[in-house]
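One structure is given below, encoded as structure tokens.
Quick note: the coordinates plus some simple rules give every number you see, no bench work behind them. Quantities reported herein were computed from a predicted structural model and do not represent experimental measurements. Note that each Cβ is placed from the backbone with ideal geometry, even for glycine, and that neighbours are counted across all protein chains shown.
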Amino acid sequence: MIGSDINKAAELLKAGEIVAIPTETVYGLAANAFNDVAVTKVFEAKKRPSFDPLIVHTNSLEKVKLFVTHIPAEAKKLAEAIWPGPLTLILPKKTNIPGIVTSGNDTVGVRIPNHPLTLELLSLLDFPLAAPSANPFGYISPTTAKHVEAQLGNEVPYILDGGACEVGLESTIVSFAGDKPKVLRLGGLKIEQITEVIGEVDMQLSAGSNPQAPGQLDVHYAPSAKLILVENIEGELKKQGNVKDVGTISLSSYFGDLPRDNQIRLSPEGDINEAARNLFAAMRALDSMKLKIIIAEKMPEVGLGAAINDRLKRASV
Ligand code: TXA
Ligand code: MG
């Protein structure tokens, strides 16, 4: 059921149920992070493997201190500059966060999301919310309540509707598990904003052999259609020849003889933030048309363009 009743959401969460919640990045599938039985329901609903840890959401830095052992000075600087916002910090956890939340890691991902409904919900709770994105494992993250309902409507008793997500990409993850901060996932906070606060940071973006970013799998965000990521859509269309079952995702252009209905421009004005906001809905819309191929255009690597390209690349593997 979809609705905007925060009290109902709070009651369900207090009773150990799962609830889908809006954030500025994507919708999350939330449970009491201190309750391992409730958290198990999140993994079951998403069919998520247990090695992929969850992000824990709360609404103040004071509350974060209740479940992490230590906040390094640079992490604190970032938190103070960015939260509430699209940034997740990996910090050493206290024992009140059960192992199921962190996939057995002694660190926990923490975030204060910037969404008024969810911040109010969190203020009613005396526990933080463990919440991965509210999509079946491996599929595109949801940016509206309807996206959640379409795929997890039968698994989730309540979907708190906070409108369309304003950022549209998952949070940027910065780990403070080692002696130097490391970016583990590009996301809704551009790297330039991190650099402004704490200077240059290392990147460790690919999963492969990276034990620090469990869940950063190369294959992700996958639509059912085959997605091809290219520099030049026009050239790829020519190569494909018969374009009947083909769709395109571009920043701001339409192409050739392809029906306009099959073509999504993420931002006709070429605004990269608007493109990020529209990306996942565009992938879902084209996927629901049962096209065989989606040809997507690489975005300029500025600002959120790098994170958009990261998601398109993972969707194309
Ligand atoms: O914007 C977001 O981050 C959204 C909203 C709901 O907050 N959440 C989200 O969660 O994208 P999810 O589960 O789809 O991605 C969480 C990722 C994991 O796959 C993993 O890569 C990383 O966060 N992560 C979480 N805890 C970690 C830990 N202790 N160490 C390393 N990486 C961790
Ligand atoms: Mg996810």
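So the values come out like this:
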read-out: Segment LYS226-LYS290, extension gain: residue separation times 0.36 nm, minus the distance between their alpha carbons; value: 22.0 nm
read-out: 222 nm mean residue ellipticity, helices alone, for the chain (DSSP H n ≥ 4; -39,500 (n - 2.57); rounded to 500); value: -9000 deg cm²/dmol
read-out: Hz values of 3J(HN,Hα) by residue in region 156-167 - Karplus curve (6.51, -1.76, 1.60), Gly and Pro given as x; value: 10, x, 8, 10, 7, 8, x, x, 6, 5, 7, 8
read-out: Fewest-first sequence of ILE6, ILE249, ILE194 by Cβ atoms within 10 Å of each Cβ; value: ILE6, ILE194, ILE249
read-out: Net charge of Cβ neighbours under 11 Å - reference MET289; Lys, Arg +1; Asp, Glu -1; value: 0
read-out: Region 1-125 pair-distance distribution - Cα-Cα, 5 Å bins, rounded %; value: 2, 11, 22, 24, 23, 13, 5, 1, 0
read-out: Packing-based ranking, highest mean first, of 168-176, 285-293 given that Cβ atoms within 10 Å are counted; value: 168-176, 285-293
